[in-house]
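The values are calculated or read from the model by the stated rules, or taken from the named source; none is laboratory data. These numbers come from a predicted model, not from an experiment. Glycine also receives a Cβ, built like all others from the backbone with ideal geometry; neighbour counts cover every protein chain displayed. Note: areas computed on protein heavy atoms with side chains; ligands, DNA, RNA excluded. Shrake-Rupley method; radii C 1.70, N 1.55, O 1.52, S 1.80 Å.
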Amino acid sequence: MTGMNTQSSETAAGQSPDQSAMSKSRVLEADKSCSVPVMFLLTWALAWLVGGGILAVVSSIKLHGPGFLAGSAWLTYGRVQPASIHALLYGFGFQAAIAVGLWMIARLGQAELMGRKGILLGGAFWNLGVCLGVFGILGGAGTGHPMLEMPGFVSPLLLVSYSLMGVWALITLHFRQVRSLYVSQWYLLAALFWFPWIFIAAQSSLVFHPVRGALQFVISSWYGHAVVALWLVPVALAVLFYFIPKLLGRPLHSKHLATFGFWTMALFAGWGGVQAGAPVPRWISSVCIVGGGLMLLPLIAVGMNWWFTARGAKPAQGDFVWGFIRFAAVAFFAAMLLDIGGRTRVIGEVTDLTVFSSGVYALYFYGVFGMSIAGAVYYLVPKITQTEWPSAQLIRWHYLGSMVGTVLITAALVVGGVIQGLRLNNADIAFVDALAKTVPFLGLSTLGGLILVAANVAFLLNLVRLLTVCCRCCCCLPWNGTANGNKAAAVGANL
Amino acid sequence: MAVTWYGMLVAPSRQMGGQQQANVGPGNERYPIPRLGPAHRGAEVYRSNGCAYCHTQQVRPQGYGSDFERGWGLRMSAAQDFLFEETVALGQVRMGPDLANVGFRLTDEAWHYAHLYNPKSKVTGSLMPQYPFLFKEQPIKGSPSGDALVLTGAFAPPTGVEIVPTKEARELVAYLMSLKSQVPLFETPLPAGPKQDAEATASSEGAGNAQTNLALNR
């Protein structure tokens, strides 16, 4: 069904010949060991993707239709908007990243996933934390710090849950059978450490022992930048570095370029978040501008590596996973260039404090992270559940909807943000009139959000149908042993 | 990781963490002054309703954007202005006007109440949402309440009914009225030009009156 190239991932990913002769059974065992925790996390992640997407559409409508659901404090724009970001980022983003990360660590290391019950427990508490966060924000208990709006009591719960999951990823990595680490594992390992670091640093400085004055703004803005640059993007890069060579059936072009790209990203990705003109010492925003410029180094290194890997190669016919991966790779360059450009003083004078930054974030989140995760999910779920996707049509709808929705939201907010900035910078235009020209673009972004929700419903529906088929085969039938044996044989042949 | 941590957290903390009140004006007055009472609680209403998702509280430097020309402030904002803010709400998007000096620009409390209840009653074409949950609708008993909103035309309540602000609305308006940051500072003096007059005006209590001629909707 997937049409996936059958060459082993390790050969394609540039591993040694010894490793390329790995035992299929070890990979099969690694895949199977992930099934319960990964499917648990993925199902909840997709549910949050749909739920958060609906909240995002509600907040988007409110931007151009302020009377929409205006009577309730719980649904006022200033609460729905951060609640949607919280649900999408922590509900979908983190769970999906951890699920895919766990699978990649197990598979690339050819080791069974360890601590499955601990991961399930961590996942359950994580979902409880996200749920409390969403209701806390809607109830007015948000902290007032973008991306960290969840009430203070939620963050320890999230951190403990994350530790319960993350520690088993590290233990699985430690006991891997393939000792050398591939590029994807570098990014995953780094992201695993980066997130608790930025989360603890920001939470302790903003919520538990708040620093004084405008320093809060520096840390809050930095966290908003870092959670994208040091968590979402590295996880997406791990997925892309795994699947681009694998789907094209080629080894990665250069390990040296990959090393250079990784270390320059590790050095410079965290420098950002504070825009020029902010009421803080000017060197801070200058550092963020310079950090943006230096991010061109990993961008070029990663680009060259992917380009030379993919040049002249073609994926297997009808391989829909490649569509998601290719889109995410292109979106990565577009998002980085928009991000870096938007930080400069010349462009920032127009785009700062407009919806432009929301457009760039949408491209990072839906285009880079969401599409790479979707590609990975479509590949890994049949492997770990030994069940094929029930509907190819739903996958096509998901792909088309995600693509159109992401492009529409990004283009509308980026162009609308530029128009908003240009008109706001002309003091001869009254404020309301300046904003009026942005309204059609806000409407287009709402349309993009609706299309994305529809696409993600198709994604979730397909996953639920697959789970139904899988559970019916594995759990309910008295002859499940035979069914499992047949499925294992089928999947083993398609590794 | 350590380099980023030092650059983005430790170094700014070392520079800004020890900030103290400044002596300003001819009388060496202390600036800023912590908010007290309803204005202090109003900051919590502002935070819990996410007002900062549409409004900024930062006047950008002269020549960078049009904040000065729009009359949003006589000088750019400085870190000093936010010294006593419990939750700094600088904001990241301007779907509504900047509020750094709204306490100077819009000095009529009744205007704020009506605007919060239904923004279109005061600003035609406004994209701001309504906040009816900050108000109570009640039957008029005898004579109308002194704090009932004055709404006319299509925005007027039905006959025999009046709209009065809740405690949260009063606190929020008290907070908005307290947003004033035009005192000249060493790091952000008033721009050249009308400096002398503006400086004298901004330092005094009469600053609000001097600013009322700024357009409401700019």
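Tabulated data
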item: Accessible solvent surface per residue of chain B, calculated while the other protein chains remain in place, 1.4 angstrom probe, Å²; result: 46 Å²
item: Positions from the range A:204-219 whose accessible area shrinks by 40 Å² or more when the full protein complex is built, not the chain alone, probe 1.4 Å; result: A:ARG212, A:GLY213, A:ALA214, A:LEU215, A:GLN216, A:PHE217
item: For the range A:405-413, Karplus couplings with θ = phi - 60° (6.51, -1.76, 1.60), whole Hz, Gly/Pro x; result: x, 5, 4, 5, 4, 5, 4, 5, 6
item: Nearest 10 degrees, 0 to 90: helix A:296-310 Cα axis against chain A principal axis; result: 30 degrees
item: Between B and A, accessible area buried - total, square angstrom, nearest 100, 1.4 angstrom probe; result: 5700 Å²
item: Stokes-Einstein D in µm²/s, Kirkwood radius over Cα pairs - chain A at 4 °C with 1.567 mPa s viscosity; result: 56 µm²/s
item: For the range B:109-166, Kirkwood radius (reciprocal of mean inverse C-alpha pair distance, Å); result: 11.7 Å
item: Computed Rg/Rh of the range B:23-112, alpha carbon atoms with Kirkwood Rh; result: 0.96
item: The protein assembly as shown, helix-only ellipticity at 222 nm - DSSP H runs n ≥ 4, -39,500 (n - 2.57), divided by all residues, nearest 500; result: -18500 deg cm²/dmol
item: Three-way shape label, the range A:314-495, alpha-carbon gyration tensor, a/c 1.5; result: prolate
item: Between the range A:355-390 and the range A:404-449, the alpha-carbon center distance in angstrom; result: 27 Å
item: Theoretical FRET efficiency, 1/(1+(r/R0)^6), r = Cβ-Cβ of A:ALA316 and A:LEU400, R0 25 Å, to 0.05; result: 0.80
item: Percent accessible area from carbon and sulfur atoms, chain B, protein chains only, probe 1.4 Å; result: 55 percent
item: For the range A:96-241: rounded, prolate or oblate by the Cα gyration tensor [a/c cutoff 1.5]; result: prolate
item: Above-threshold pairs, the threshold being 18 Å between Cα atoms, out of A:LYS437/B:LYS122; A:LYS32/A:LYS117; B:LYS120/B:LYS180; result: A:LYS437/B:LYS122; B:LYS120/B:LYS180
item: Kirkwood Rh, angstrom, chain B [1 / mean 1/r, Cα pairs]; result: 19.1 Å
item: Rounded to whole Å, sorted largest first: equivalent-ellipsoid semi-axes of the range A:366-412, Cα gyration tensor; result: 24, 12, 4
item: Protein-protein interface of the range A:415-459, residues with accessible area decrease of at least 50 Å², isolated chain reference, 1.4 Å probe; result: A:ALA427, A:PHE431, A:VAL432, A:LEU435
item: Counted charge near A:LEU248, where neighbours are those whose Cβ lies closer than 13 Å (Asp, Glu -1; Lys, Arg +1); result: +4
item: With every protein chain in place, chain A: carbon and sulfur % of accessible area (1.4 Å); result: 71 percent
item: Efficiency of FRET from Cβ geometry, A:ARG345 and A:SER254, R₀ 51 Å, rounded to 0.05; result: 0.90
item: Approximate spin-label separation B:LYS120-B:SER145, in nm, with each point projected 7 Å along Cα-to-Cβ; result: 2.5 nm
item: Distance in nm between pseudo-label sites at A:ILE300 and A:PHE193 (7 Å out along the Cβ direction from Cα); result: 2.7 nm
item: For a label point 7 Å along the Cα-to-beta-carbon line of B:GLU187, residues of the range B:65-80 with backbone N under 11 Å; result: B:77-80
item: At least 50 Å² of accessible area lost relative to the chain alone, listed for the range B:66-92 with a 1.4 Å probe; result: B:ARG70, B:VAL88, B:LEU90, B:GLN92
item: Angle between chain A longest axis and helix A:439-471 axis [Cα atoms, degrees, rounded to 10]; result: 20 degrees
item: Shielding by other protein chains, B:126-136, mean Cβ within 10 Å; result: 5
item: Sequence-distant residues sharing a close amide H with B:GLU162 (under 5 Å, placed H); result: B:GLN138, B:ILE140
item: Using alpha-carbon coordinates, inclination of helix A:320-343 to the longest axis of chain A, degrees; result: 30 degrees
item: Cα coordinate range in the range A:23-180, projected on the principal axes (Å, largest first); result: 61, 27, 24
item: Accessible area expressed per residue, the range A:146-259, with surrounding protein chains retained (probe 1.4 Å, Å²); result: 30 Å²
item: Computed lengthening from B:TYR64 to B:ASP108, 0.36 nm per intervening residue step minus Cα-Cα distance; result: 12.8 nm
